[in-house]
Structure formats: C-alpha cells, structure tokens
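Participant: Below you'll find the structure I mean.
The values are calculated or read from the model by the stated rules, or taken from the named source; none is laboratory data. This one's a predicted model, so the numbers in the text were calculated from it and none came from an experiment. Glycine also receives a Cβ, built like all others from the backbone with ideal geometry; neighbour counts cover every protein chain displayed.
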Amino acid sequence: MKRLVRAETVPLTPQLQAHLLRDQYGSFRLTRAIRPGPALEVIPQAGYRIELSPHSLSRLAGSVSAEMLWDVCLDLLALLGETVDVYLQSSHFCKRSDYVRRGVDRPVLMSYCLDFEELLLHDGCTGLAVIDPADQREVHLDEHKVLIVYARDWQPFARVLERYGVPRCDDLALILEAVHYHCSRPEYPAMFQRFAHLLGAEPVLGTVWDA
C-alpha cells in the first residue's frame, strides 16, 4: 500500500485553515484526525478493497464515514479471539513511538477503547493494531483512521462492512495514498500516555508494525 509520510509541520495560512475545517465530502464525513491535501488528489469516500495473497495474509483496507467508524471498528475487533496482542502507535511531536501489550483479554481491551474513543477516532497521531496470534488475524485503526484487516479468511470482516453499507471497491484510493494532513490537539499526547499506562503497554525500540 503506497504511503506518503508527513515530514514537517505545515504553516497554517487562512486558505489552509479554511480547507482543514471542511470535514465532509458528499455523504462521507471525516473525523478530526485527518484531512486530504488542498489539491484533493484523493476525495474521501466510503468503501473497502481486498488485496489477496495466496502465500500470506490477505489485506482488507476500508474507508468508513465518521458517524459509523467507531461501531464498525468495534464489530471488527469482536471477530478476533479472546486473547490478543495490542500495539499502540504515537507520532506526537513528529516522533514515532510504538508500544506493545501482549496477552490482553479482548473484552478488557474493548472496554479501555471505549474510554479512549475520542483519542482513537480524532487524533491523527495515534494508531491501534490488535492482533489475534492464535488465528493470525489483525485489525488496525491507523493514524489515518483507515481500517485495515489482515486475515486468511477476510470474508467475515467484509460482511461487517457490508452490513453498514460500505461497498467493495477494489480500485478504492485511500486518503493516505496522496498528500494529506494529520491533525491533533495539545491534550492528546497526555491522553495517549494514560491509555498506554492503563493498558500496561510498554515502549519498544524501532517500528514494530506499519499497516
């Protein structure tokens, strides 16, 4: 999956500020976390695509409107096993940090996620990956608020998306595949640290996951 990396903070001109305030394109709504570039090389839209692999895990990547994103994410997580590994990603202050907690009861994790819904949905510098090591399945809600699933059997996850009216579109372009802006708030770094602390996640060296 092609990815453009944010390299620096962008000066906030009046024109850019007006662009960043726009959170809806057609019927598709964005969370506060991410905005497309002013040229709109990718116009946000609902859909999912499948990248099949005969030798490894297939990948499902989904773009879901903000009003449904949280419910869809929780329903995808509910398909994983009872014990999962959790990875948290932070890029606050333009510095990438990863945290991990292994062997978490999935219902306990989902309870914590509910407590930090705002952070996970609206912080463009926070990402979450939940891995079911027993069945080799993964659900990611990344910094771009794109949902990504890795699984040999991806169809149960696709059915969740279709139940919410998210269509399959194998030529879907994702917001992360063109110029885009990540948005955050001053209180989010401390909120991220509280989430990691409550979860018992510990920092790890290097990049351990990247959707």
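Participant: Between Val139, Val204, which is crowded, with 19+ Cβ neighbours inside 10 Å and in contact (Cβ under 8 Å) with a residue 12 or more places away in the chain?
Facilitator: On the way: Val204 fails: crowded, with 19+ Cβ neighbours inside 10 Å.
Result of the check over Val139, Val204: Val139.
Participant: List pairs: first in segment 150-178 and crowded, with 18+ Cβ neighbours inside 10 Å and among the hydroxyl-bearing types (Ser, Thr, Tyr), second in a helix (DSSP H, G or I) and at pLDDT 95 or above, Cβ under 7 Å, 6+ apart or cross-chain?
Facilitator: Note: no pairs meet the criteria.
Participant: Which residues, taken from segment 152-178, are in a helix (DSSP H, G or I) and closer than 17 Å to Ala129 by Cβ? Please lay out each step first, then the result.
Facilitator: Initial filter on segment 152-178 (in a helix (DSSP H, G or I)): 155-163, 175-177.
Correct list: Phe157, Leu176.
Participant: Here is a list of conditions, (1) among the hydroxyl-bearing types (Ser, Thr, Tyr); (2) within 25 Å of Pro186 (Cα to Cα); (3) surrounded by fewer than 19 Cβ atoms within 10 Å (Cβ to Cβ), and Ser90 meets all of them except one; can you say which number that is?
Facilitator: For Ser90, the exception is condition (3).
Participant: Of the numbered conditions (1) of a type in the set (Ser, Thr, Tyr); (2) in a loop (DSSP other than H, G, I, E, B); (3) modelled with pLDDT of 90 or more, Tyr48 fails exactly one; give the number of that condition.
Facilitator: (2)
Participant: Of a type in the set (Phe, Trp, Tyr) and in contact with a Lys or Arg (Cβ under 6 Å, 6 or more places away or on another chain): which single residue out of Tyr188, Tyr150 fits that description? Before the answer, list the steps.
Facilitator: Working: Tyr188 fails: in contact with a Lys or Arg (Cβ under 6 Å, 6 or more places away or on another chain).
Only one candidate passes the filter, namely Tyr150.
Participant: When the residues of segment 78-97 are narrowed to those that are among the charged types (D, E, K, R) and at pLDDT below 95, which ends up farthest from the chain's Cα centre (by Cα)? Even if it seems obvious, please write down each step before you answer.
Facilitator: As a first pass, look at segment 78-97 and keep what is among the charged types (D, E, K, R): 82, 85, 95-96.
This time we only want the ones that are at pLDDT below 95, so: 95-96.
On the way: Lys95: 18, Arg96: 15 Å.
It comes out as Lys95.
Participant: Considering only residues that are buried (at least 18 other Cβ atoms within 10 Å of the Cβ) and assigned to a helix (DSSP H, G or I), which ones fall in segment 179-194?
Facilitator: Listed by number, the residues that qualify are Tyr188, Phe192.
Participant: So, of the residues in segment 110-128 that are in contact with a Leu (Cβ under 8 Å, 6 or more places away or on another chain) and buried (at least 19 other Cβ atoms within 10 Å of the Cβ), which turns out to be nearest to Met68 (Cα to Cα)?
Facilitator: For segment 110-128, the residue satisfying everything is Leu120.
Participant: Being in a helix (DSSP H, G or I) and either touching a Ser or Thr at 6+ places or on another chain (Cβ under 8 Å) or surrounded by fewer than 14 Cβ atoms within 10 Å (Cβ to Cβ) (or both) is true for just one of Leu40, Leu69. Which residue is that?
Facilitator: Working: Leu40 fails: in a helix (DSSP H, G or I).
From the options Leu40, Leu69, the qualifying one is Leu69.
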